[in-house]
1. Test Gln102 against the stated conditions and say whether it is in contact with a strand residue (DSSP E or B) (Cβ under 8 Å, 6 or more places away or on another chain) and more than 21 Å from Ile82 (Cβ to Cβ).
2. Could you name every one of the strands (runs of 3 or more DSSP E) located completely within the range 20-108 that has at least 3 residues being within 18 Å of the chain's Cα centre (by Cα)?
3. Quick test for you: out of Glu194, Glu217, Glu157, pick the one residue that is of a type in the set (Asp, Glu), assigned to a loop (DSSP other than H, G, I, E, B) and not assigned by TED's automatic domain parsing to the domain that holds Thr37.
4. Six or more apart or on different chains, Cβ under 6 Å: which pairs go from a residue in the range 25-49 that's more than 23 Å from Gln260 (Cβ to Cβ) to one that's crowded, with 16+ Cβ neighbours inside 10 Å and of a type outside the set (Gly, Ala, Ser)? Could you list them?
5. Give me the residue from the range 175-191 that is assigned to a loop (DSSP other than H, G, I, E, B) and free of Cβ contacts under 8 Å to residues at least 40 places away in the same chain and, out of that set, nearest to Phe269 (Cα to Cα).
6. Can you tell me which residue within the range 1-58, out of those that are surrounded by 17 or more Cβ atoms within 10 Å (Cβ to Cβ) and aromatic (Phe, Trp, Tyr), is nearest to Ala85 (Cα to Cα)?
7. Is it true that Gln41 is modelled with pLDDT under 90 and over 30 Å from Gln114 (Cα atoms)?
8. Can you name the residue in the range 147-167 that is within 27 Å of Pro129 (Cβ to Cβ) and charged (D, E, K, R) and is also modelled with the highest pLDDT among such residues?
Amino acid sequence: LAAVPPLWQQLAKLNWQDKDRVNLRYFTNSGGAMPTTTLAQLRQIFPNATPYLMYGLTEAFRSTYLDPTEIDKRPQSIGKAIPGAEVLVLRSDGTLCDAMEQGELVHFGVHVAQGYWRDPERTQQKFRPLSVPSHNQQSPETHTAVWSGDRVYRDDEGFIYFIARADEMIKTSGYRVSPEEIEEVLLQHPQVLEVVALGAPHPQLGDAIILVVVFDEQQQDEIELKKEIEAFCKKQLPNFMQPQHIVIQAELTKNANGKQDRARLKSRFHGFFSPQDPPIISTLDPQISD
């Protein structure tokens, strides 16, 4: 069974029949990092299934996967390159990052596309030549590589960890915050089914953090739910990660691939905070509908 994280989060909340639970042999994740809370739930639901956590791009298909034998040791990793794929973690100047240093994940090899159909300008921006040391020759080899725009790092053993897309990082109060880090914490709340953390321009903070939350079987009053989420955030997150606005919705907007449409969600909050807005948490903001 293959799915993307938002779908897995919903599937983990279903009441599965025993015959379906025990007969599943494999499940795979791609299209974003699998929240560790969701992964633990799925492994409990499907005790006989082996999980494969994968990463890839439309421009490079599958690029990495985490060996199932490593999941207990490093469940947040997207693993290492699959056979035939080559990936590097590079600084903005094109040099290799050290272990534990954040950089951009760059792909090359036989899995990488040649470019975008009839879009030479965009192709030139994303697909660029890359000189790579050769294993058998003294001079470096030049490959066409695709720059993913994804922020990652490698650990000392070469395993890769996804942080966030560079254009989705939230710059708030002088900190660079990964939305996935906030979402991972919120998904530990027993009633939260889905959540997206976004950054919206704010006159004092740079970006203010906004949470769009979907609850599992929402029964409480909306204001009470917001207060509950605020209290949960204050307990679980540092001050600079506290949300300035919380929106509760019945469902999240998805794109054609079934992923949460972050760009569309974010566009709704552009200009949301006026120059006079103080950096405080509000529990009384009205829900914003699509």
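The values are calculated or read from the model by the stated rules, or taken from the named source; none is laboratory data. None of these values were measured; they are calculated from a predicted model. All Cβ positions, glycine included, derive from the backbone under ideal geometry; neighbour counts span all protein chains shown.
1. So Gln102 passes the test.
2. The strands (runs of 3 or more DSSP E) meeting that bar are 50-57, 61-66, 77-81.
3. Being of a type in the set (Asp, Glu), assigned to a loop (DSSP other than H, G, I, E, B) and not assigned by TED's automatic domain parsing to the domain that holds Thr37 holds for just one of Glu194, Glu217, Glu157, which is Glu217.
4. Phe46/Leu24; Ala49/Leu24; Ala49/Phe27
5. Once the filter is applied, the top-ranked residue is Ser178.
6. Only one residue tops the list, namely Tyr55.
7. no
8. If we take residues in the range 147-167 being within 27 Å of Pro129 (Cβ to Cβ) and charged (D, E, K, R), then Arg154 is modelled with the highest pLDDT.
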